[in-house]
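Here is the structure we will look at, set down as structure tokens.
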């Protein structure tokens, strides 16, 4: 791993979970097939995102990769997605993190373990230095961040795509700033910021646009709002869904993808959900179209 640099801010990035078994055992169908032809199932990381990660490193930020995948599966995916030198992008890599327990469990319940040839070794009483570890807990990780940054309360920005495993526990148990990667925002308003926003602050997309998800499923309805039948002779009312309320409660901001913000200046000031009483303030680049009539919604 690269020598560490000090910074007030740390950046944690979550990678998609694996399937709870070691891929070097060639178990079942999934792992052998992924190893045989990863390009059939995986997209490579856009250059804009890799450049963004390097910019963060060069700016003195501490980058962490925290995943519930086992180390061999993590390496397999990251080498294809980010390149064979992906380890140099991250100061700390934590695999088999077993989230959300990584955030909620005590250090004695979930100690960090070293790895040797992708096999877990002895439990560690604490974390003394950056590197690649397995399992662990947010308490010992935060103590290491204090040591690395020289700050009594280093700020952590955690990116994740699961409310259950990432956003809620990181916010509730660790009080970290959280960025929800919300694919339901893809394609909304063409995935672009308002035309009134300065050009130099616009996030850019590379390649073909992602196909918009069906936010108005005939079976499930909207991800963001629901209709509640009124009493006799009264109109139905629109309410925020449980999922929508959780987004504004536990996310600092929500974005359609990391690519959507990768070309923004590193000092770009986002509007957070907590900055005002609106439940739509933290969506970047824009709130979903179905939430445009925010004033007509109730919070039942």
Point to revise | Within the range 149-158, tally of residues that are outside any loop (DSSP other than H, G, I, E, B) and surrounded by fewer than 20 Cβ atoms within 10 Å (Cβ to Cβ) | key: 2
Point to revise | Members of the range 28-42 found to be farther than 16 Å from residue 69 by Cβ and touching a residue at least 24 places away in the same chain (Cβ under 8 Å), listed by number | key: 39
Exercise for review: Would you check if residue 69 is on the phi < 0 side of the Ramachandran plot, crowded, with 20+ Cβ neighbours inside 10 Å and in a loop (DSSP other than H, G, I, E, B)?
Suggested key: yes
Study note, to complete from the structure: Residue count, the range 99-127, condition free of Cβ contacts under 8 Å to residues at least 60 places away in the same chain and in a loop (DSSP other than H, G, I, E, B), comes to 12
**Study point:** Check on residue 133, within 25 Å of residue 162 (Cα to Cα), under 21 Å from the mean Cα position of the chain (by Cα) and at pLDDT below 95
**Key:** no
Review point. How many of the residues making up the range 103-123 are at pLDDT 95 or above and in contact with a strand residue (DSSP E or B) (Cβ under 8 Å, 6 or more places away or on another chain)?
Key: 9
Review point. Residues of the range 97-111 being surrounded by 24 or more Cβ atoms within 10 Å (Cβ to Cβ) and within 13 Å of residue 134 (Cα to Cα), which ones?
Key: 97, 102
Review point. If you scan the range 84-95, which residues turn out to be outside any helix (DSSP H, G or I) and surrounded by fewer than 24 Cβ atoms within 10 Å (Cβ to Cβ)?
Key: 84, 85
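The values are calculated or read from the model by the stated rules, or taken from the named source; none is laboratory data. Only a predicted model underlies this, so the values are computations on that prediction, with no experimental measurement involved. Because the Cβ atoms are built from the backbone with ideal geometry, glycine has one as well, and the counts that use them run over all protein chains shown.
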